[in-house]
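Engineer: Structure provided below as structure tokens; questions to follow.
The values are calculated or read from the model by the stated rules, or taken from the named source; none is laboratory data. Please read all numbers here as calculations on a predicted model, not as lab measurements. Backbone-built Cβ (ideal geometry, glycine too); neighbour counts: all protein chains shown.
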């Protein structure tokens, strides 16, 4: 079943809403969320720089066909 772009974006927005407390807790504990860690971002081959866009880029990879993304 193919999911259209609008449904993908809605799923991403739900993901953001559901993880607010998780990432707040991580920061409260003095840790750095993965999407604010330049080394982790680079390891993932993510090109975005805005934290929300970084998360969106990784989230949307789940909808790509295997092998369709070039290696970083």
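Engineer: Please find, within the stretch 50-70, the residue that is nearest to residue 10 (Cα to Cα) out of those that are surrounded by fewer than 12 Cβ atoms within 10 Å (Cβ to Cβ) and modelled with pLDDT under 95.
Structural biologist: Selected residue: 62.
Engineer: Please go through the stretch 1-10 and pick out each residue that is without any contact (Cβ under 8 Å) to a residue 24 or more places away in the chain and surrounded by 11 or more Cβ atoms within 10 Å (Cβ to Cβ).
Structural biologist: Matches in the stretch 1-10: 7, 9, 10.
Engineer: Mind listing whichever residues of the stretch 14-49 are closer than 13 Å to residue 59 by Cβ and surrounded by 11 or more Cβ atoms within 10 Å (Cβ to Cβ)?
Structural biologist: 15, 16, 19, 34, 35, 44, 46, 48
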